[in-house]
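Read the structure below first, then the notes.
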Amino acid sequence: MNMPPPDHGNDGEGNGEEIFIDESDIINEYDIDEEELPDAVAEGDFDGEEDYDGVDDSIHIFAGHTGELYTVACSPADATLVATGGGDDKGFLWRINRGDWAVELQGHQDSVSSLSFSVDGQLLASGSLDGVVKVWDTATGELRCTLEGPSGNNGIEWVRWHPRGHLILAGSEDSSVWMWNADRAAYLNVFAGHASSVTCGDFTPDGKSICSGSDDATMRIWNPRTSENIHVVRGHPYHTDGLTCLAITSDSSLALTGSQDGSVHMVNISTGQVVTSLTAHTDSVECAVFAASARRDKWRAATAGLDKKLIIWDSQQPDPWCTCDHEEGVTSLLWLASSRYVATGSVDGKVRIWNSLSGDCERTYSGHTGAIQSIAASTDGNYLVSASVDGTARVFEIAEFRYAGPH
């Protein structure tokens with residue numbers, strides 16, 4: 001074992017003479033069973049948080065949380081404003097490249113599981129496993145209202161805003177979906193019918209319908225005004241296990257859903273019929289997204305999951321357009337605005353930028369020492385923000401991927 005040299009100070013003994021230790025210097029002897037000694041670990045052969053190459057490509061690190069981070073959102077109106085939430089029961093508003101500015105959002109009694117900015121950027125909704133949604137003024141960080149709905153200890157799985165107003169939609173572990181008017185702090189409707197936790201959902205971009213997916217392996221389509229259940233999508237050829245993610249085309253015509261069973265299906269929202277089944281994943285599909293220009297007759301989409309794959313799909317063919325392999329499972333996914341590029345966040349703590357046309361990995365960003373749980377892009381397309389179980393959010397520059405060609 002290598003030991004540091006003795007510190008002799010100025011006692012006059014540090015004269016360069018060799019010092020010898022013999023048996024008379026032994027104080028105690030202990031027998032050690034070699035089987036109890038830990039195995040030697042080769043350099044670079046660490047697991048979990050130790051599996052870190054020391055490279056940090058981030059330009060800003062937010063470390064205000066005291067626990068794992070689960071969610072991140074970027075303001076649609078302010079390119080520097082970011083919100084994060086996590087296992088310390090807190091949310092934060094902070095600014096990119098402003099390390100001296102942060103507002104703590106206090107009041108939740110359990111983990112903050114979801115965050116979403118209103119379309120105009122004036123309000124932020126935070127959903128928590130305590131079953132409560134809180135609404136915050138993004139200019140001041142002050143609490144506007146607390147919206148209570150689900151009973152008992154049923155947590156909020158996700159929160160979304162109406163595309164044209166201050167209406168909030170939230171999915172709950174109690175198998176229901178709730179809707180409130182944030183300006184009046186008023187309950188509007190509850191959408192009941194699922195038989196298990198509502199894991200994903202959203203308004204359609206035209207605001208005329210709601211799609212929700214559940215652990216009961218169904219997707220339901222609702223009328224937001226009347227809370228009427230218009231369609232229930234279930235059974236063959238649909239999913240056989242719980243839904244994990246949902247995306248909707250910009251023309252409000254198609255919904256793309258992924259499931260724990262590894263399947264991906266496309267549903268016509270007007271009819272409730274499965275129109276395409278996309279088969280290629282071999283494990284749970286964790287995230288799905290459409291390209292910004294996707295519509296009923298022409299679309300591109302991306303799905304990713306625990307099988308360590310990102311798959312790009314195109315309406316021109318039933319098989320994958322390309323498959324992008326990762327070292328670990330993929331937890332989060334983002335199509336970068338109107339570009340050809342797709343960003344992924346992975347269990348290995350890395351963010352990657354992929355060319356959706358060629359399938360090539362254009363850039364890998366390192367810095368996190370734990371799994372990435374959520375990613376978001378600034379509204380100007382210059383920055384990508386990632387939230388990780390390592391307790392930090394990191395900002396990476398992605399300006400070079402903003403408007404690079406058609407997709």
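Taking the criterion of being surrounded by fewer than 24 Cβ atoms within 10 Å (Cβ to Cβ) and in contact with a Gly (Cβ under 7 Å, 6 or more places away or on another chain), the only residue of the stretch 289-306 that qualifies is Leu306. One residue alone among Arg184, Arg160 is among the basic types (Lys, Arg) and in a loop (DSSP other than H, G, I, E, B), and that residue is Arg184. Ile61 passes every criterion in (1) part of a loop (DSSP other than H, G, I, E, B); (2) modelled with pLDDT of 95 or more; (3) among the hydrophobic types (A, V, I, L, M, F, W, C) apart from (1).
Elements of the type strands (runs of 3 or more DSSP E) sitting completely within the stretch 335-407 and holding at least 2 residues that are at pLDDT 95 or above and more than 17 Å from the chain's Cα centre (by Cα): these cover 351-355, 361-365. Condition check: aliphatic (A, V, I, L, M) and touching a Leu at 6+ places or on another chain (Cβ under 6 Å). Does Ala83 satisfy that? Taking the combined requirement at face value, the residue satisfies it.
Name the single residue, out of those in the stretch 345-374 being of a type in the set (Val, Ile, Thr) and surrounded by 24 or more Cβ atoms within 10 Å (Cβ to Cβ), that is farthest from Leu115 (Cα to Cα).
The selected residue is Val351.
Would you call Asp283 under 24 Å from Phe62 (Cβ atoms), outside any strand (DSSP E or B), open to solvent by 30 Å² or more (accessible area, probe 1.4 Å) and of a type in the set (Asp, Glu)? Here the answer is no, as Asp283 does not meet what is asked. When you scan the stretch 308-331, do you find a residue that is in contact with an Asp or Glu (Cβ under 7 Å, 6 or more places away or on another chain) and over 26 Å from His239 (Cα atoms), even just one? Within the stretch 308-331, one or more residues are in contact with an Asp or Glu (Cβ under 7 Å, 6 or more places away or on another chain) and over 26 Å from His239 (Cα atoms).
Please work out which residue is most open to solvent (accessible area, probe 1.4 Å), limiting yourself to the stretch 242-272 and to residues that are closer than 22 Å to Pro320 by Cα and outside any strand (DSSP E or B).
Out of the qualifying residues, it is Gln260.
How many residues does the stretch 291-315 hold that are among the polar types (S, T, N, Q) and either outside any strand (DSSP E or B) or out of contact with any strand residue (DSSP E or B) (no Cβ under 8 Å at 6 or more places or on another chain) (or both)? Counting residues in the stretch 291-315 that are among the polar types (S, T, N, Q) and either outside any strand (DSSP E or B) or out of contact with any strand residue (DSSP E or B) (no Cβ under 8 Å at 6 or more places or on another chain) (or both) gives 2.
For Arg225, indicate whether it is open to solvent by 50 Å² or more (accessible area, probe 1.4 Å), touching a strand residue (DSSP E or B) at 6+ places or on another chain (Cβ under 9 Å) and of a type outside the set (Ser, Thr, Tyr). Taking the combined requirement at face value, the residue satisfies it. Among the residues of the stretch 158-166, is there at least one that is touching a Ser or Thr at 6+ places or on another chain (Cβ under 6 Å), of a type in the set (Val, Ile, Thr), under 14 Å from Ala125 (Cβ atoms) and open to solvent by less than 20 Å² (accessible area, probe 1.4 Å)? Yes, there is a match, as at least one residue in the stretch 158-166 is touching a Ser or Thr at 6+ places or on another chain (Cβ under 6 Å), of a type in the set (Val, Ile, Thr), under 14 Å from Ala125 (Cβ atoms) and open to solvent by less than 20 Å² (accessible area, probe 1.4 Å). Within 24 Å of the chain's Cα centre (by Cα) and open to solvent by less than 40 Å² (accessible area, probe 1.4 Å): is that true of Ser175 in this structure? For Ser175, the condition - within 24 Å of the chain's Cα centre (by Cα) and open to solvent by less than 40 Å² (accessible area, probe 1.4 Å) - is met.
The values are calculated or read from the model by the stated rules, or taken from the named source; none is laboratory data. The structure presented is a predicted model; accordingly, all values stated were derived computationally and were not measured. With ideal geometry, Cβ positions are generated from the backbone for all residues, glycine too; neighbour counts draw on all protein chains shown. Side chains are part of the model used for accessible areas, which takes the heavy atoms of the whole protein and leaves out ligands, DNA and RNA. Shrake-Rupley method; radii C 1.70, N 1.55, O 1.52, S 1.80 Å.
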